[in-house]
Amino acid sequence: MAQPIPDADIERISEKALPPRARMLVRAIGLPATLVLLDRHGGTPIRIPARSRRSRKLSAILTAKQIDSLAELWGAQSIELPKLDSCLLQIRDQEISRRSAAGETHVALAREFKLTRRHIINIVNKARETTVSPQATLFE
């Protein structure tokens, strides 16, 4: 099962920022398997079998135990899978924030990531807002 995202980047994905259906998948089959499933079938409906041995499509990607976990939640149903984009954007935004904090200019980052400078600034500001400083809790 080839990973669509390198292991180092998988560790940086926040489950809270994923779409609700993706969070349910992560709880059922784990993050790495969810990423592979979404990479291959994200944005499309997929039929979840009542039993693991009834889906060639899923058997090519997931273990029988993982398919059984999905069957417990959605057995004999068709579910719409979210796209992998939210995970990829999370990783990109974290990288932009990290590199900005390390001193790279917003213009250089905008050129590299093919975004506007304003969008880079918004990404960096959003990351700062979600990071709670130790002083912020001191005075609350």
About its Cα centre, what dipole magnitude does the chain give when the only charges are +1 on Lys and Arg Cβ and -1 on Asp and Glu Cβ, stated in debye to the nearest 20?
540
Cut-off under 29 Å on the C-alpha distance; same-chain residues fewer than 8 positions from Lys114 excluded. Which lysines are left, in chain and number order?
Lys16, Lys83, Lys126
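If each residue's Cβ is checked for other Cβ atoms within 10 Å, how do Thr44, Thr63 rank with the fewest at the top?
Details: Thr44 9, Thr63 14.
Ascending Cβ contact count within 10 Å gives the list Thr44, Thr63.
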Can you show me the helix-derived [θ] at 222 nm for the chain, built from DSSP H runs with n ≥ 4 at -39,500 (n - 2.57) apiece and divided by the number of residues, rounded to the nearest 500.
-17000 deg cm²/dmol
List the residues whose amide H sits under 5 Å from the amide H of Gln77, counting only those 5 or more places along or on another chain, with H placed 1.01 Å from N in the peptide plane.
Ile48
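Computed over the Cα atoms, what is the radius of gyration of the chain divided by 2.2 N^0.38 Å, N being its residue count?
Its radius of gyration relative to the 2.2 N^0.38 Å reference: 1.29.
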Dipole moment magnitude, nearest 20 debye, the stretch 7-82 about Cα centre, only Lys, Arg, Asp, Glu C-beta charged:
400
Virtual paramagnetic centre 7 Å along Cα→Cβ of Gln77, amide N under 16 Å, in the stretch 1-36:
20-29
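Let me check I've understood the local charge: for Leu115, count other residues with C-beta under 14 angstrom from its C-beta, Lys and Arg +1, Asp and Glu -1. What total comes out?
Surrounding charge for Leu115 is +3.
Coordinate-derived values only; no laboratory data. Note that the structure is predicted; figures quoted are calculated from it, not measured. Counting neighbours? That spans all protein chains shown, and the Cβs are built from the backbone with ideal geometry, glycine included.
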